[in-house]
Amino acid sequence: MKKQLVIGVICAGIVALSNSFAQNLVVNPSFEQTTTNCGNPFGEGYADLIDWDDTNSGNDTCTTPDLFSACNLLIGNMGPTHMPYSQLGYQYSHTGTRHAGFISHELGSEYREYVQGHTSAPLTAGQTYCVSFYVSLANMSLYATNNMGIRFTNSNYQHNACPGSSNSLINLPPQLNSTCVISDTNGWVRLQWDYTAAGGEQYFVIGNFFNNAGTNIANHTPASGGMALPMPFAYYFIDDVSITPNTCCYADIAPVDNMCVTDAAITLTATPPLGIACAPVPISGTWSGPGITNGATGAFDPAVAGPGVHTVNFLLSCGTTVSTTITVSPCAGLDVCLEANGDLTVSGGIAPYQWQSEVSTQDCSACIIGCTFPPGCATTSMVWTTYSSNATATPGTLPIQVVDNTGEIESIATLVGIPACTTIPCPPVNINATSQTNVLCNGGSTGALTVSASGGNGGPFTYVWNPGNLSGTTQTNLTATTYTITATGTDGCDGTATFTITQPVALSTTTSSVDASCGANNGTATVNASGGTGSYTYSWVPSGGTGATTTPVAAGVYTVTVTDGNSCTTTANVTVGTAGGPTLTISNQQNISCFGVNDGEATVSAAGGATPYTYLWAPSGETTATATGLSAGLNTITVTDNAGCSVSEQVTLTGPTQMVITGTVTDEDCGALNGNIAASVSGGTGPYAYAWTGTAAVTATISNLDDGTYTLTATDANGCSASSTFTVDQIGDLNVTAVPGSAVISEGASLQLTASGATTYVWTPTGGLSCTNCPNPVATPSGSTIYVVTGTDANGCSGTASVTITMNPVCNEVFVPTIFSPNSDNGNDLLCAFGNCFSQVDFAIYNRWGEKVFQTDDLQVCWDGMYKGKPVNAEAFVYKLSGTRINGEEVSLSGTIQVIR
């Protein structure tokens, strides 16, 4: 198809979006990765895309989609597949500098084109995926259609689409299909579906899967000022194909032009994608960010936001956040002054600034070959180039201009009349708290503070918080103290303010009790709380009471938890004694000797009440006056007299902490007996004694070790012990060398190899060697070979080295015929390039429009004179052959090929 169209538009604004989506499983989803990477002077086509395919099992030129790229030729603003100008219309890629395109309907036939991609991994059965892509109708299309569908398969789908245009139709049902007629030529329309996978799908095909009778074909008026003959088909651009493992949750934010602080407030708009019912999917959400004065409606006031580049977020009710940036400028112009040393300094506007000078550049986009053909195709123009990004810069060669971050420009054609710079005091920088949360509980770290700076010569500002040397506008997990914050603008002007995070008085308690009568439940336990915040709640264990006093209770120990209005808590124990019962005295307390050992001792003496007494220690369960198996911590002794009166007393015993052995191991160098273990012991009761297995050492550190396993047992002053095992490994290889490291020989030649540094040697592979276990074999390989020698010394240490032998073949001359006749008479029907010894080669043929009609990286593949399933006309074509031979020679050929019929 011939594509000729020139359309001029002005890009009013660009909005950056960031979405909290799951990972996109589509490989190369935006068509940005190609094999040429803009390195081919003739441009790049769909066949150059990485990880994208068509669906034709025959000649690649049948039903092949197109790649629109900024790298493609732009001749007189009418490049066939240039981005944004092309024969089919003017359209910027949705993202990046490339997008694809295909035909969904052609007048008078069932001709179709499809794009086929794949995911990085098969889809999981039962998992719901959000499937989406963006489409835009080409300006010069005579028609628009519905049936934009996607069909999933477990393997690459191919069918024979040639010959005949009707064979290109894939008459199979797609799992997902849009019944909407897409006629938007200015913007991109997002189509999306929720898809539940059957399992195993890894390939997908996008296009129109219905014949003309099943397709809604609508007339479309082509854009004016383009080609004389509009294209007789429905042609769609496609970009940003996405498959993510989640249900769809998405919106686009309508672009916003740069604003002045004095502009009126605007209402931001979130645009939903097109749903299955051909109507926008209903969305709801909340707006937030600088300048947002109504989170429900999206009202944005530039005066509230202030000068700067602001990020505004829209949180959809389904959980996704989309963002846009809005630039607000003071719109007061830029001020430039002349420094004493001749430099220029800019102020006002929004930093950073860019100083730019005019440089001449050669535009070769209208040329077919280099910058010389056709003659006069190259033009020279002046463009602005940034040479400094500082506020102060040397003038350079006039004229120059300075641009601030909002795009405001100050042009300078002469230095005459520019005022001299004077030292201007910094305007005040004010810091205010926009939100503050104090600490909830005494000693906690639940404070938070957000600040915002204004004034000076404008932001953005950097912030330093002390104590803590923190940065940023917001801090969380703060403790109670006074924080000093310094905000500094890009011009060096700063301001300081202090903010105090407070905390409530610590929650504390006092307790009292009334003894219970012997054997009766008539005692009382009381707690008095103070401090904290608000009112208190109480929880008593084991009585279950919920007031400040729990009664009636029996004699015993009661634990109360007090909670204040901020959910801060404190606990206290209250002992209710027995009136008339025995009294207890604790003696002979002995603490625990070793961690985890229950060998503590204590003796209780009882007096009063009715003898004899019974004893019960908890948790040990001992029943004598003297207990010898007590554990570290709280132990309770309960004494009951002969009248049934019980009295309890608590005994707290301590014990050493757990003994822990740590250490650092230094591995042994091969055969050197230089291993080392440096151990240390903590816990228990010092000093420690040390004993090692595998050595007689009695110190914490042992040296001169062979590789192996060593166990250290440490014993403390109480006879408590702990053990730990360390492993010393053997490291390092024997330094074996082999010469020559690499060599190039002719076919049939021999080469002397020599190895050193070991005692014994083994060479692999064995083919072509005069010996395989000697240090110096003679190699006569049959082809390029890498020989590896393994050497071993008397200590059993080994190492390897290698020799790479490259065998040079004889390379013949590269030849491309200049004429052939693909008329199916079995004579000269194919055009082949001839040559050998290539490690990499690219052979491409272009028509006079700059379209790539054939390409191969294998010179065994020849051109049959077909393009897109049809014979090419008898005319001249341009070829380009480039490659690298195995001897390093670079080959680059170009010329013409005449097709005759």
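The alpha-carbon atoms of segment 767-901 define a convex hull whose volume equals 165 cubic angstrom per residue. Going 7 Å from the Cα of Asn795 toward and past its Cβ, which residues in segment 662-680 have a backbone nitrogen under 16 Å from where you end up? Answer for this model: 666-676. Counted by Cβ distance under 11 Å from Thr394, the other residues give a net charge of -2, where Lys and Arg count +1 and Asp and Glu count -1. Projected label points at Thr482 and Thr818, each 7 Å from Cα along the beta carbon direction, are separated by 9.2 nanometres.
With an a/c value of 1.5 or above and a/b not larger than b/c for the gyration tensor axes a ≥ b ≥ c computed over the alpha-carbon atoms, segment 82-213 is described as oblate.
Summarising the amide proton neighbourhood of Leu142: residues at separation of 5 or more, or on other chains, whose placed amide H is nearer than 5 Å comprise Met231, Phe233. Among the lysines of the chain, pairs at least eight places apart or on separate chains and with Cα atoms under 15 Å apart come to 8.
With the Cα gyration tensor of segment 429-501 giving a ≥ b ≥ c as the square roots of its eigenvalues, does the rule (a/c under 1.5 for rounded; else a/b larger than b/c for prolate; else oblate) give rounded, prolate or oblate? Since a/c reaches 1.5 and a/b is larger than b/c, the shape of segment 429-501 is classed as prolate. If the chain linking Asn160 and Asn219 were pulled fully straight, counting 0.36 nm for each residue of separation and taking away their Cα-Cα distance, it would gain 18.2 nm. Between Ala672 and Gln23, the modelled label-to-label distance comes to 4.2 nm, taking each label 7 Å out from Cα in the direction of the beta carbon. To the nearest 0.05, how large is the calculated FRET efficiency for Asp363 and Thr754 if R₀ is 60 Å and r is the Cβ-Cβ distance? Efficiency at R0 = 60 Å is approximately 0.50. Ranked for footprinting exposure by Cβ neighbours inside 10 Å, fewest first, Ile805, Ile409 give Ile409, Ile805. Among Tyr143, Tyr353, Tyr92, sorting on how many other beta-carbon atoms sit within 10 Å of each Cβ, with the fewest leading, yields Tyr92, Tyr143, Tyr353. The ranking of Leu334, Leu107, Leu630 by Cβ neighbour count inside 10 Å, starting from the fewest, reads Leu107, Leu334, Leu630.
Other residues with beta-carbon under 11 Å from the beta-carbon of Ser30 carry, at +1 per Lys or Arg and -1 per Asp or Glu, a net charge of -2.
Can you give me the C-alpha center-to-center distance between segment 84-153 and segment 779-793, rounded to a whole angstrom? Spelled out, the Cα-based centre of one part sits 54 Å from the other. Between Val660 and Asn776, the contour length at 0.36 nm per residue exceeds the alpha carbon distance by 36.2 nm. Put simply, the chain fits an ellipsoid with semi-axes of 74, 48, 34 Å; these come from the alpha carbon gyration tensor as the roots of five times its eigenvalues, largest first.
Only one residue of Ala270, Thr486, Val205 has its Cα farthest out toward the positive end of the dipole of the chain, where Lys and Arg carry +1 and Asp and Glu -1 on Cβ, and that residue is Ala270.
Spin-label model, Thr392/Cys832: points 7 Å from Cα along the beta carbon direction are separated by 7.2 nm.
Compute the Cα gyration tensor for segment 383-524, then decide on rounded, prolate or oblate, letting a ≥ b ≥ c be the square roots of its eigenvalues: rounded whenever a/c is under 1.5, prolate when a/b is larger than b/c in the other cases, and oblate in all that remain. It comes out prolate by the Cα gyration axes. Pop the C-beta distance of Ser539 and Ser512 into the FRET formula with R0 = 22 Å and round what comes out to the nearest 0.05. The value I calculate is 0.75.
Computed from the coordinates by the stated procedures, all read-outs in this text should not be read as laboratory data. None of these values were measured; they are calculated from a predicted model. So basically every Cβ, Gly included, is an ideal-geometry build from the backbone, and we count neighbours across all protein chains shown.
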